[in-house]
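Below is one structure, written out as structure tokens; the observations come after it.
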Amino acid sequence: MLKKYGEAADITAIRDAGFQWMLEDYDIDQVTTAFRQYLKTGREIPTPTDIIEILDPSVRPMCGRMYQRLVERSKEGPFALTRAEHEYIDRYEARQIGDL
């Protein structure tokens, strides 16, 4: 975070306005919590997209390789995947056909 220390005021104002514009649909307490969560592991100031992905995981980009691995594991039997993994497969397939 300190890498942004001393940044020109006009740059800071533009960045802050962008954050406010992108995150205006979320409650300030949600955004604050998401920032705190991100900063526990992040080394830089997060982008608005980083915060949105924490607040709404359904907007995260989905990985084709992950989908393929889960499909392969699902062939091992009805209990090979967790509910979340089944949901990932369903969301991935829905996005591929344009439902989401």
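Quick notes
- Condition broken by GLU7, with the remaining ones in (1) at pLDDT 90 or above; (2) farther than 17 Å from VAL59 by Cβ; (3) charged (D, E, K, R) satisfied: (1)
- Going through (1) surrounded by 14 or more Cβ atoms within 10 Å (Cβ to Cβ); (2) among the polar types (S, T, N, Q); (3) in a loop (DSSP other than H, G, I, E, B) one by one, GLN37 falls short only on (3).
- Residue tally, condition closer than 13 Å to GLN30 by Cα and not in a helix (DSSP H, G or I), over the stretch 48-62: 1
- Any pair with Cβ under 7 angstrom, 6 or more apart, that starts in the stretch 34-62 at a residue that is over 22 Å from GLU87 (Cα atoms) and ends at one that is of a type in the set (Asp, Glu): TYR38/ASP50
- Hey, ARG73 touching an Asp or Glu at 6+ places or on another chain (Cβ under 8 Å) and more than 30 Å from GLN20 (Cα to Cα) or not: yes
- Test: residue in the stretch 29-40 that is modelled with pLDDT of 85 or more and over 16 Å from the mean Cα position of the chain (by Cα): yes
The rows are residues; the columns are (1) among the acidic types (Asp, Glu); (2) in a helix (DSSP H, G or I); (3) touching a strand residue (DSSP E or B) at 6+ places or on another chain (Cβ under 8 Å).
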position	(1), (2), (3)
THR12	no, yes, no
ARG15	no, yes, no
MET22	no, yes, no
TYR26	no, no, no
GLN30	no, yes, no
THR33	no, yes, no
PRO78	no, no, no
GLU87	yes, yes, no
ASP90	yes, yes, no
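- When the test is whether a residue is of a type outside the set (D, E, K, R), outside the structural domain of THR12 (by TED's automatic domain parsing), surrounded by 12 or more Cβ atoms within 10 Å (Cβ to Cβ) and in contact with a helix residue (DSSP H, G or I) (Cβ under 8 Å, 6 or more places away or on another chain), VAL71 passes it.
The values are calculated or read from the model by the stated rules, or taken from the named source; none is laboratory data. Because the structure is predicted, anything quoted here is derived from the model rather than measured. Because the Cβ atoms are built from the backbone with ideal geometry, glycine has one as well, and the counts that use them run over all protein chains shown.
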